[in-house]
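The values are calculated or read from the model by the stated rules, or taken from the named source; none is laboratory data. Given the structure is predicted, the values throughout are model-derived calculations rather than measurements. Because the Cβ atoms are built from the backbone with ideal geometry, glycine has one as well, and the counts that use them run over all protein chains shown.
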Amino acid sequence: MVQLRRVPELPHLQLVQGLRQPLRLVHASPQKIAHRNHPSSRPGNIITADPENVEHILKTKFHNYPKGKPFTTILGDLLGRGIFNVDGDAWLFQRKMASLELGSISVRSYALEIVSSEIQSRLIPLLASFAEDRNDAVDLQDLFRRFSFDNICKFSFGLDPGCLQLSLPISDFSVAFDTASKLSRGRAMTSSPIVWKIKRFFNIGSERQLRDAVKMVDSLAKSMIEQRREMGNFSTQKDLLSRFMANIDDDQYLRDIVVSFLLAGRDTIASGLTSLFYLLSQHPEVKRAILEESDRVMGRSGSGSRSWVASFEQMREMHYLHAVIYETMRLYPPIQFDSKYCQDDDVLPDGTFVQSGTRVTYHQYAMGRMESVWGSDCLEFNPERWLKNGLFTPECPFKYPVFQGGERVCLGKELALLEMKSVAVALVRRFDIQVSEPDRTPRFAPGLTATVRGGLPVRIQERKG
């Protein structure tokens, strides 16, 4: 029988504003668990880094741990009834539909077609232009955000915002989407939800800015939906919106679904790529190993080579590259923590009592740095930990919940890995990318997705040999 225990209460901590304090707290706890308490958020927040607890939340007692109304209210104006902001039957309907679409070979082929085109026609020429001036540093994080936004807009809407053109234009839609995302996340950082709700009621300050930004996002989304309706023949179109329109007549619902995919597909991939190239700059031996593997699979690269982008079949053979991507996200997960709300009183596998209404957070960033989870070398960047006899070997998803797990496992996982690996291979084969300030450790800005504060300035050279 498991003995029930209550977690000792700890001082209030603004979880979204900093990773180090929660990391220290769970490290200090022998049970890998901590309790955040705040007078305005009773009964509080339990933070865990225990894989068994994570499995309990995401799988065993999945139905007892929904996202909950506090979360869905915060992102409601932007995401509406989209898949990442609903529970119950609404979530299940979208989940089944998205699973059928995103899992098809035709969709993956379409995604690779978009990504390959963006790499060949925009990303490589743009980086080559920066390589011509070796004294000119460029913010790689900004370029990856532009790159992934172009891709996800094409994939979701069939819309090309052209953010990665050589002139680096400012897209009104991209700015509005950025603003709406940032201000929606900002609601979670207020001392009490009453603060932003009062501002929304009077339409002042950040809430007025949010309303204006959401209006612009709505306007473009609805315009795209109307155009698709006029065109008809949804089955002949490849983008996600057209695929969903074949089964859904509610335009507002369609808008919510597609905007949710925009949010998920842009920031997470840009974050993962930014962390990857930061680590490759710090570990040239890993970069050399990626290059050697790609040369073996794709043929030797050189200044005259045009084979920058790998095919599906070639990427399947690159086990070391796959391990590098996974190891990057172990140390720098794009989503650094995730929360659910306990519906009915419960007991976690470690004996922790969870009161109904408690927010329960599993902390991916902390878990990736726990010696009890990953061993004594947990702070080392070591892709080999994922390989056995040269083949990639995955870990339990609840030990590595970067893509969540259980019934909410990320549907876009394979598409995200496809995009990240495509970029990694192409840029490692073509360029030498070095962080401008190699001794500076990345510091993350507040938000739900890991974003390096101040960007990631790099210097780029064409690779020799």
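Looking at region 167-189, which of its residues are of a type in the set (A, V, I, L, M, F, W, C) and either farther than 19 Å from Phe84 by Cα or in a loop (DSSP other than H, G, I, E, B) (or both)?
Those that are of a type in the set (A, V, I, L, M, F, W, C) and either farther than 19 Å from Phe84 by Cα or in a loop (DSSP other than H, G, I, E, B) (or both): Leu168, Ile170, Phe173, Val175, Ala176, Met189.
Answer yes or no: is there a residue in region 314-328 that is in a helix (DSSP H, G or I), acidic (Asp, Glu), at pLDDT below 95 and crowded, with 16+ Cβ neighbours inside 10 Å.
Within region 314-328, not a single residue is in a helix (DSSP H, G or I), acidic (Asp, Glu), at pLDDT below 95 and crowded, with 16+ Cβ neighbours inside 10 Å.
Yes/no per residue for (1) within 22 Å of the chain's Cα centre (by Cα); (2) more than 28 Å from Gln120 (Cα to Cα):
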{"residue": "Pro397", "(1), (2)": "yes, yes"}
{"residue": "Val402", "(1), (2)": "yes, yes"}
{"residue": "Glu407", "(1), (2)": "yes, yes"}
{"residue": "Leu418", "(1), (2)": "yes, no"}
{"residue": "Ala426", "(1), (2)": "yes, no"}
{"residue": "Ile433", "(1), (2)": "no, no"}
{"residue": "Pro457", "(1), (2)": "yes, no"}
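From the residues in region 137-151 that are farther than 14 Å from Ser271 by Cα and touching a residue at least 60 places away in the same chain (Cβ under 8 Å), which one is farthest from the chain's Cα centre (by Cα)?
By that ranking, first place goes to Ala137.
crowded, with 19+ Cβ neighbours inside 10 Å and outside any helix (DSSP H, G or I), is that true of Leu164?
yes
For region 112-150, give me each residue that is closer than 19 Å to Met224 by Cα and surrounded by fewer than 24 Cβ atoms within 10 Å (Cβ to Cβ).
Ile114
Inspect all residues belonging to region 234-249 and state whether any of them is among the polar types (S, T, N, Q), assigned to a helix (DSSP H, G or I), out of contact with any strand residue (DSSP E or B) (no Cβ under 9 Å at 6 or more places or on another chain) and surrounded by fewer than 16 Cβ atoms within 10 Å (Cβ to Cβ).
So far as region 234-249 goes, yes, one or more of its residues are among the polar types (S, T, N, Q), assigned to a helix (DSSP H, G or I), out of contact with any strand residue (DSSP E or B) (no Cβ under 9 Å at 6 or more places or on another chain) and surrounded by fewer than 16 Cβ atoms within 10 Å (Cβ to Cβ).
Looking at region 190-208, which of its residues are in a helix (DSSP H, G or I) and either touching a strand residue (DSSP E or B) at 6+ places or on another chain (Cβ under 9 Å) or loosely packed, with under 15 Cβ neighbours inside 10 Å (or both)?
Ile194, Lys197, Ile198, Phe201, Phe202, Gly205, Arg208
If I ask for residues that are surrounded by 14 or more Cβ atoms within 10 Å (Cβ to Cβ) and of a type in the set (Asp, Glu), which ones from region 387-411 would you list?
Within region 387-411, Glu395 is the sole residue that qualifies.
I'd like the residue in region 168-189 that is of a type in the set (A, V, I, L, M, F, W, C) and within 26 Å of Glu118 (Cα to Cα) and, out of all such residues, is surrounded by the most Cβ atoms within 10 Å (Cβ to Cβ).
Among residues in region 168-189 that are of a type in the set (A, V, I, L, M, F, W, C) and within 26 Å of Glu118 (Cα to Cα), the one surrounded by the most Cβ atoms within 10 Å (Cβ to Cβ) is Ala180.
Please work out if Thr268 is in contact with a Pro (Cβ under 7 Å, 6 or more places away or on another chain) and crowded, with 23+ Cβ neighbours inside 10 Å.
yes
Kindly list the number of the only condition in (1) within 19 Å of Asn135 (Cα to Cα); (2) of a type in the set (D, E, K, R); (3) within 22 Å of the chain's Cα centre (by Cα) that fails for Arg443.
(1)
Is there any pair with a first residue in region 375-390 that is under 20 Å from Ser281 (Cα atoms) and a second that is assigned to a loop (DSSP other than H, G, I, E, B) whose Cβ atoms are under 7 Å apart and which are 6 or more apart or on different chains, and what are they?
Short answer, once both residue conditions are applied: Cys378/Arg369; Cys378/Met370; Leu379/Arg369; Phe381/His283.
Does at least one position in region 289-311 carry a residue that is within 30 Å of Arg429 (Cβ to Cβ), small (Gly, Ala, Ser), at pLDDT below 95 and touching an Asp or Glu at 6+ places or on another chain (Cβ under 8 Å)?
yes
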